[in-house]
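Trainee: One structure, pasted below without further comment.
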Amino acid sequence: MKLFLHVWRQKDRTDPGRMETYNAEDISPDMSFLEMLDEVNEKLIQEGNEPIAFDHDCREGICGTCSLVINGMAHGPERGTTVCQLHMRKFQDGERIVIEPWRAKAFPVIRDLIVDRSSLDRIIQAGGFVSVNTGGAHDGNALPVPKPNAETAMDAAACIGCGACAAACKNASAMLFVAAKVSHLAHLPQGQPERSQRVKKMVEQHDQEGFGHCSNQYECEAACPKEISVKFITQLNRDYLRACVSAKD
Amino acid sequence: MPSSVPTKRQLTPNSLPPGKGLLAWTLPVFSTTVGSKLLVGVTGAALTAFVIVHLIGNLKIFSGPDSINSYAKFLKDLGPLLWIMRFGLLFLFVLHIVLAIRLKLRSRSARPVPYVSEATIQASVASRTMIVTGLAILAYVVFHVAHFTLGWVQSVEITPGIYTNMLDLRDVEGRADVYTIMIYGFRNPLVSILYLAAQGFLFVHLSHGVASTFQTFGANSPRWQPAIRALGWAVAIFVCVGNSAIVLAVWTGYLKPLI
């Protein structure tokens, strides 16, 4: 396969950045998208040029590190897939491919296609946890969790925190991420004591990080590599409303 | 020396510690994105309810001049209550617009560098153009109030050569002749085209807004989603068809002036 790549190059945080064009030749359709970029980088290094910097880690679709916007779609055109699991057979020979980083104020570009996603970590630190006493392990069945709740919590917990929701959102809102984390704990008994505090603090932190607002366009759901449903945003809205009107605090 | 420790008489029943009162839980609703959107939803729902009631009132034109004129008189006779309703409506309208614009500006600044290549997968056109359709509706409402409430736009020529302000028309019982006012209002092609265009904008705005409100209130679910979407479309279609029907009935001559 031969491909024409338009790639975002940016030296550091202060550099305004620009698009550059590269030709990728002799690409196997069985390569993953990242392997294709590896090939391009090999060639760039041989020619004495600076390789394209991009984030990656597990390359098996579970870590949430890879983060590329391909032709305007976060993680590329395939549904429920991270970029590392996207294969070149999904593209046409001779296709023009635009590769950009996640674009949001809360995700500043560090270099080329790598962005700083510590804003998501700070949202977790604000409330995405349960406070428990450590010690001897509890008996497995001491804390009953209804099966449907366990399933729903697991669906929400599938979020790998890649940030594709915010990248895909027209308002650069990370509400699907916050919603997944809030809903995950809201469906389990361990999450109940801090439930209303958690949702308030996480939403506040989300806003402080400079993400936009959710306007129910559901682009996040389409982009999410773990296919997290926007029904969790409904849950977040419900929990937030309840926390705001509750007489507890 | 008197003690500064409060006596039992200084305690008030059911009191919260300082900083935990009403303001402590209403402020986040105004300041956070989720809270602001809740308010946009609440005000939007109230405005939608108004639009539906307004339409039902207007549809009385089809049951004759007496029906709509007596309804108009009933509203006028509410007196101070009418003014409370008008100011309440204005407050909701302004709050809805101000909060929506503030959120829009916020989300615009949330992505300072735009995508070179932008793709949309499943977001509807209506959901992406809420601010555009909203501002168009605002411009229309200003015109609508100037036209039918303040009477600044048109004068009518009932006896040749004599122009009267629309709002000065009276029926045989001395009531404001809303029936004739509406018919003369929509007989002007430029004005009625503007009204029909505004109905188009309102249709698009409501087609996203109504269903979206349920999501914002946390009242959406996979089970209810189809019903909620259908309700959104039903409200949008009802408002658009109902309002347009009055204009079209005047155009086609189905509704004719009595004088």
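Trainee: Of the residues B:Thr32, B:Thr43, B:Thr48, which is surrounded by 18 or more Cβ atoms within 10 Å (Cβ to Cβ), under 17 Å from the mean Cα position of the chain (by Cα) and without any contact (Cβ under 8 Å) to a residue 60 or more places away in the chain? Spell out how you get there, then give the answer.
Mentor: On the way: B:Thr32 fails: under 17 Å from the mean Cα position of the chain (by Cα); B:Thr48 fails: without any contact (Cβ under 8 Å) to a residue 60 or more places away in the chain.
Only one candidate qualifies: B:Thr43.
Trainee: Any idea how many residues of segment A:197-213 are closer than 23 Å to B:Ile131 by Cβ and either touching a Lys or Arg at 6+ places or on another chain (Cβ under 6 Å) or at the interface with chain B (Cβ under 7 Å from one of its Cβ atoms) (or both)?
Mentor: 6
Trainee: Among all residue pairs at least 6 apart or on different chains, which show Cβ distances below 8 Å where the first residue, located in segment B:56-76, is without any contact (Cβ under 8 Å) to a residue 12 or more places away in the chain and surrounded by 14 or more Cβ atoms within 10 Å (Cβ to Cβ) and the second is in a helix (DSSP H, G or I) and aromatic (Phe, Trp, Tyr)?
Mentor: Close Cβ pairs satisfying both conditions: B:Lys60/B:Tyr71.
Trainee: Right, next: Working carefully through the options A:Ile97, A:Ile110, find the one that is of a type in the set (Val, Ile, Thr), under 28 Å from A:Glu209 (Cβ atoms), crowded, with 16+ Cβ neighbours inside 10 Å and in contact (Cβ under 8 Å) with a residue 24 or more places away in the chain.
Mentor: On the way: A:Ile97 fails: under 28 Å from A:Glu209 (Cβ atoms).
Matching residue, one of A:Ile97, A:Ile110: A:Ile110.
Trainee: Here is a further query. Does segment A:45-52 contain any residue that is in contact with a Ser or Thr (Cβ under 8 Å, 6 or more places away or on another chain) and of a type in the set (A, V, I, L, M)? Before you say what the answer is, go through the steps one by one.
Mentor: Looking only at segment A:45-52, we keep the residues that are in contact with a Ser or Thr (Cβ under 8 Å, 6 or more places away or on another chain), and these are none.
Within segment A:45-52, not a single residue is in contact with a Ser or Thr (Cβ under 8 Å, 6 or more places away or on another chain) and of a type in the set (A, V, I, L, M).
Trainee: Based on what the data block shows, is A:Leu241 out of contact with any strand residue (DSSP E or B) (no Cβ under 9 Å at 6 or more places or on another chain), facing chain B (nearest Cβ under 10 Å), buried (at least 24 other Cβ atoms within 10 Å of the Cβ) and in a helix (DSSP H, G or I)? Step through it out loud before you land on a result.
Mentor: On the way: out of contact with any strand residue (DSSP E or B) (no Cβ under 9 Å at 6 or more places or on another chain): yes; facing chain B (nearest Cβ under 10 Å): yes; buried (at least 24 other Cβ atoms within 10 Å of the Cβ): no; in a helix (DSSP H, G or I): yes.
Judged against the criteria, A:Leu241 is not a match.
Trainee: Condition check: under 19 Å from A:Leu120 (Cβ atoms), in contact (Cβ under 8 Å) with a residue 40 or more places away in the chain and crowded, with 23+ Cβ neighbours inside 10 Å. Does A:Ala158 satisfy that?
Mentor: Numbers: under 19 Å from A:Leu120 (Cβ atoms): yes; in contact (Cβ under 8 Å) with a residue 40 or more places away in the chain: yes; crowded, with 23+ Cβ neighbours inside 10 Å: no.
No, not satisfied.
Trainee: Being among the hydroxyl-bearing types (Ser, Thr, Tyr), closer than 20 Å to A:Asp116 by Cα and not assigned by TED's automatic domain parsing to the domain that holds A:Glu221 narrows it down to one of A:Thr21, A:Thr14, so name that one.
Mentor: On the way: A:Thr21 fails: closer than 20 Å to A:Asp116 by Cα.
Residue meeting the stated conditions: A:Thr14.
Trainee: Scan segment A:49-69 for residues that are in contact (Cβ under 8 Å) with a residue 60 or more places away in the chain and closer than 18 Å to A:Trp102 by Cβ and jot them down.
Mentor: From segment A:49-69, those in contact (Cβ under 8 Å) with a residue 60 or more places away in the chain are A:52-55, A:61-67, A:69; that's our starting set.
Once the filter is applied, which keeps residues that are in contact (Cβ under 8 Å) with a residue 60 or more places away in the chain and closer than 18 Å to A:Trp102 by Cβ, segment A:49-69 yields A:Ile52, A:Ala53, A:Phe54, A:Asp55, A:Gly61, A:Cys63, A:Gly64, A:Thr65, A:Cys66, A:Ser67, A:Val69.
Trainee: So which residues in segment A:84-130 are small (Gly, Ala, Ser) and either at the interface with chain B (Cβ under 10 Å from one of its Cβ atoms) or within 25 Å of A:Tyr22 (Cα to Cα) (or both), if there are any at all? Walk me through how you get there before you give the answer.
Mentor: Kept after step one, since they are small (Gly, Ala, Ser), are these residues of segment A:84-130: A:94, A:104, A:106, A:118-119, A:126-128.
Hits for segment A:84-130 are A:Gly94, A:Ala104, A:Ala106.
Trainee: Tell me, which helices (runs of 4 or more DSSP H) lie completely within segment A:143-219 with 2 or more residues that are under 16 Å from the mean Cα position of the chain (by Cα) and of a type outside the set (A, V, I, L, M)?
Mentor: Details: elements: A:147-157, A:164-168, A:175-186, A:195-208.
The qualifying helices (runs of 4 or more DSSP H) are A:175-186.
Trainee: Within segment B:84-114, which residues are closer than 26 Å to A:Ser173 by Cα, of a type in the set (Lys, Arg) and within 14 Å of the chain's Cα centre (by Cα)?
Mentor: Within segment B:84-114, no residue meets the criteria.
The values are calculated or read from the model by the stated rules, or taken from the named source; none is laboratory data. As the structure is a prediction and not an experimental result, all values here were calculated from the model. So basically every Cβ, Gly included, is an ideal-geometry build from the backbone, and we count neighbours across all protein chains shown.
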